[in-house]
Amino acid sequence: MTATAVAPSTAPSAGVVLEVTDLTKIFGQLAAVDHLTFTVQPARVTGFLGPNGAGKTTTMRMLLGLVAPTSGTALIGGQRYRDLPNPMRVVGSALEATNFHPGRSGRDHLRVLADASGIPTRRVDEMLDLVGIPAAARQRAGGYSMGMRQRLGLAAALLGDPAVLMLDEPANGLDPEGIRWLRSFLRYLAHQGKTILVSSHMLAEADQIVDDVVIIANGRSVAQGSMAELRGEPTVFARSSDNAALASALTARGVLSTPSDGGLIAKTADPARVGDIALAAGLPIHELHPLASDLEDLFFRLTDTVANRNRGGDSGPGGPPPWQPPTSSASAQPPLPVVSSEAGDPR
Ligand SMILES: Nc1ncnc2c1ncn2[C@@H]1O[C@H](COP(=O)(O)OP(=O)(O)OP(=O)(O)O)[C@@H](O)[C@H]1O
Ligand SMILES: [Mg+2]
């Protein structure tokens, strides 16, 4: 074997980096995007996360040349979108899952797009096969389910075999099976060297899909890095009849722990290591499992550091308190929780 690297034949010659630098968009009095800086690397799936109204779509629209920045730059491979010689072959995007002509079949919709860009019609059928809706694409798009519209949007974005894929909330409305499909599909595309930016307003949902994250709130960056960094160190919860003795046994073997919830949290990824140490110390184990980070809580803490502008107006900087069930005697007809009042979308 020699050390010479051989590029796989399907990989593009070089990946394209997205570069957002000090990007700002002011609508009237509102800084929808506020001095935002981040990069998106090729061959990775990057999650662009933030609550409703955080500025995700506006940032993507600036990258795609659909909205002019007030200041700063949004570059694709070092160029503004409008300066790209053949944009459809560089960037594919799906900003809305609903902008198809309802009376036209999905396949005809793609054919119009392909014709306009000089893409051969056979590519339309290849993409419909790839996203798994070859038969449904012959029906009128007006009757499509949310999942089918998302897949048709993906097929449209991929028509020009672009190096960059920008998808706005592609998991919206997908069932668990659809999300699993999307995850493996995006992984397959990242493996080909594509640069993939996907927005979501749910970190827990994105966790299944993305490698890296850029988290924003009120148009500003609040966290960036790999998903693994964001999750933090893996830990294990353990409970024994004598937690203090278990903690001592773990410490003696180099595993740090802290008491928690009638047991302890050990800093290791491996529950078997905790179990083996307990066994060697003659301590019975009553509970032992890896701890998943509470991503929903983490997302809330990160994005709540600056009160979200699209949350209800007069509830103070932290927004309204979470919904509480009514006390037993209060009413025979308890009010329904109104989730949208916490994060209403003004559009
Ligand atoms: N054309 C516009 N004119 C005025 N305000 C706008 C315009 N477009 C967006 N906004 C405002 O800018 C802010 C950011 O909106 P944007 O759609 O980028 O957020 P988002 O993160 O995509 O939210 P969501 O999760 O709801 O899709 C919001 O307060 C929105 O109301
Ligand atoms: Mg949006």
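Every residue, every condition in (1) out of contact with any Ser or Thr (no Cβ under 8 Å at 6 or more places or on another chain); (2) at positive phi; (3) β-branched (V, I, T), yes or no:
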{"position": "G232", "(1), (2), (3)": "no, yes, no"}
{"position": "S240", "(1), (2), (3)": "yes, no, no"}
{"position": "N243", "(1), (2), (3)": "yes, no, no"}
{"position": "A247", "(1), (2), (3)": "no, no, no"}
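With the structure loaded, tell me whether T46 is assigned to a strand (DSSP E or B) and surrounded by fewer than 20 Cβ atoms within 10 Å (Cβ to Cβ) or whether it fails that test. It would help to see each step written out before you state the result.
Working: assigned to a strand (DSSP E or B): yes; surrounded by fewer than 20 Cβ atoms within 10 Å (Cβ to Cβ): no.
Here the answer is no, as T46 does not meet what is asked.
On the basis of being over 23 Å from P42 (Cα atoms), touching a Pro at 6+ places or on another chain (Cβ under 7 Å), at pLDDT 85 or above and among the hydroxyl-bearing types (S, T, Y), does S248 make the cut?
On the way: over 23 Å from P42 (Cα atoms): yes; touching a Pro at 6+ places or on another chain (Cβ under 7 Å): no; at pLDDT 85 or above: yes; among the hydroxyl-bearing types (S, T, Y): yes.
No; evaluated as a whole, the condition is false for this residue.
Yes or no, residue by residue, for (1) assigned to a loop (DSSP other than H, G, I, E, B); (2) modelled with pLDDT under 95:
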position: V112; (1), (2): no, yes
position: D115; (1), (2): no, yes
position: I119; (1), (2): yes, yes
position: R149; (1), (2): no, yes
position: G153; (1), (2): no, yes
position: G160; (1), (2): yes, yes
position: L165; (1), (2): no, no
position: A171; (1), (2): yes, yes
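Is it the case that some residue within the range 67-89 is under 19 Å from the mean Cα position of the chain (by Cα), over 15 Å from V214 (Cα atoms) and among the hydrophobic types (A, V, I, L, M, F, W, C)?
Going through the range 67-89, the residues under 19 Å from the mean Cα position of the chain (by Cα) turn out to be none.
No, every residue in the range 67-89 fails to be under 19 Å from the mean Cα position of the chain (by Cα), over 15 Å from V214 (Cα atoms) and among the hydrophobic types (A, V, I, L, M, F, W, C).
Of all residues in the range 46-62 being closer than 13 Å to K25 by Cα and of a type in the set (A, V, I, L, M), which is nearest to ligand 1 (Cβ to nearest atom)?
A54
Restricting the search to the range 26-40, which residues are more than 9 Å from ligand 1 (Cβ to nearest atom) and either surrounded by 21 or more Cβ atoms within 10 Å (Cβ to Cβ) or in a strand (DSSP E or B) (or both)?
Answer for the range 26-40, where residues must be more than 9 Å from ligand 1 (Cβ to nearest atom) and either surrounded by 21 or more Cβ atoms within 10 Å (Cβ to Cβ) or in a strand (DSSP E or B) (or both): I26, D34, H35, L36, T37, F38, T39, V40.
Name the single residue that is nearest to the chain's Cα centre (by Cα) among those in the range 162-180 being over 10 Å from E205 (Cβ atoms), within 16 Å of ligand 1 (Cβ to nearest atom) and of a type in the set (A, V, I, L, M, F, W, C).
Among them, the one singled out is L167.
The values are calculated or read from the model by the stated rules, or taken from the named source; none is laboratory data. No experiment lies behind these values; they were computed from the predicted model shown. All Cβ positions, glycine included, derive from the backbone under ideal geometry; neighbour counts span all protein chains shown.
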